[in-house]
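See below for the structure under consideration.
The values are calculated or read from the model by the stated rules, or taken from the named source; none is laboratory data. Nothing here was measured: the structure is a model prediction, and the numbers come from that model. Quick reminder, even Gly has a Cβ in these numbers, built from the backbone with ideal geometry, and neighbours come from all protein chains shown.
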Amino acid sequence: MRRPVVPWGGRGTEAATSGTEPTFGTEPTSHIEPPSEWQHGTRNLHVYAAAGAAVLVAIFAAARGAGAWGTDSVGADRFYSILAVLMLLTAAFGATFWWPAGSGVRRPSPWPPSRTPRVRYVETADRGSTEIAGRRPVFGLLLAMVLCGTFLSLGAAVEIVVGNEGLPLVALVLALVAGVCLAFLVEVALGRIRAGSLVLGPDGIRLRGWFVESYLPWVSVRGLRAVDRGFPEIWIEGHGSAAWARRRTSRVFPFERLPSEPRIEVDSRHLAVDPVQLYRFLEFCLEDARHRRELGTPAAAERLAAGAPFTADSE
């Protein structure tokens, strides 16, 4: 049974720093700077260009669809209308998913987080944990995209089959695309693909991604690493002999990778929390076993929601 004690939400935050090597049990160097690996920022021009192109296609499709409404071509107006919605959803998804996480610039103190943290205390089998939610609006946009793609490809395939003799190759391709979209929706309905979350408990760290799941006990964690992949990513690195559990939750879509060595890779785009705030909190938990024990109480969720600095004297 899962019982929320601390409601979703939080207050301001400040940034944190790290060196290039994993940190364990070291004093933080600053509360207002992000790790040096994230200094260049997260703005990706190619993402914005693609989103802009999708908007242009949506405008074109909407115009063609509006023109088709005045004719007898019922299939055309449906096709262009769904295409316009799909392109708008694609642009919205890209812009939201890649929205700058605020980790690429120095920020004065105090400074609001780039994302309001969605964190709460939960209980599972009478054991408490601190849960950081996934970005459900982003995941919802992804589902809407797939749903539109299903209607678009399946409807177009049916229209082509009905209007032509035999079975054209393009209809088969469109039907295949619709089948892939339907398989995605079925996986979501079965719970194999989810918005995900990061659960921090007194015993370990569990990441539930969109397509994979990974767990590392605290005793197996040797440090943190800030990694730049065009977006902030946090590596929670384990020892070579770590009791590392991982699995793919999706049987069809291998979109998220599992590392070849004990490591949890936290993609900041998937979680509803400022990446610097999360990095600083994980560093705080690694400093002392008392901080990790607190993860099983509502106090940890309140501390993370309140924001940095996370210091022992604030206990």
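The set of residues in the range 181-204 being surrounded by 15 or more Cβ atoms within 10 Å (Cβ to Cβ), of a type in the set (Val, Ile, Thr) and assigned to a helix (DSSP H, G or I) consists of Val188 alone. Checking the structure you have, find out if any residue of the range 168-179 is hydrophobic (A, V, I, L, M, F, W, C), outside the structural domain of Pro117 (by TED's automatic domain parsing), within 19 Å of Leu142 (Cα to Cα) and under 25 Å from the mean Cα position of the chain (by Cα). There is at least one residue in the range 168-179 that is hydrophobic (A, V, I, L, M, F, W, C), outside the structural domain of Pro117 (by TED's automatic domain parsing), within 19 Å of Leu142 (Cα to Cα) and under 25 Å from the mean Cα position of the chain (by Cα).
Given the structure, is Glu237 acidic (Asp, Glu) and assigned to a loop (DSSP other than H, G, I, E, B)? In short, no. Inside the range 145-166, can you point out the residues that are small (Gly, Ala, Ser) and surrounded by 17 or more Cβ atoms within 10 Å (Cβ to Cβ)? Passing the criteria: Gly149, Ser153, Ala156, Ala157.
Of the residues making up the range 250-280, those that are touching a residue at least 60 places away in the same chain (Cβ under 8 Å) and either of a type in the set (S, T, N, Q) or farther than 20 Å from Phe139 by Cβ (or both) are Ser250, Ser268, Val276, Gln277, Tyr279, Arg280. Pairs, please: C-beta under 9 Å, at least 6 apart or cross-chain, first residue within 10 Å of Ala301 (Cα to Cα) and in the range 116-127, second surrounded by 13 or more Cβ atoms within 10 Å (Cβ to Cβ) and among the basic types (Lys, Arg)? Within 9 Å, the pairs are Arg118/Arg135; Arg118/Arg136. Just to be sure, is Glu256 in the same structural domain as Trp210 (by TED's automatic domain parsing) and either touching a Lys or Arg at 6+ places or on another chain (Cβ under 9 Å) or of a type in the set (Ser, Thr, Tyr) (or both)? Here the answer is yes, as Glu256 does meet what is asked. Arg280 satisfies every condition listed in (1) modelled with pLDDT of 90 or more; (2) of a type in the set (D, E, K, R); (3) crowded, with 19+ Cβ neighbours inside 10 Å except (1).
When the criteria are applied in full, Gly230 fails the requirement of being surrounded by fewer than 22 Cβ atoms within 10 Å (Cβ to Cβ), more than 16 Å from the chain's Cα centre (by Cα) and on the phi > 0 side of the Ramachandran plot. Of all residues in the range 264-308, those being aromatic (Phe, Trp, Tyr) and under 13 Å from Ile132 (Cβ atoms) number 2.
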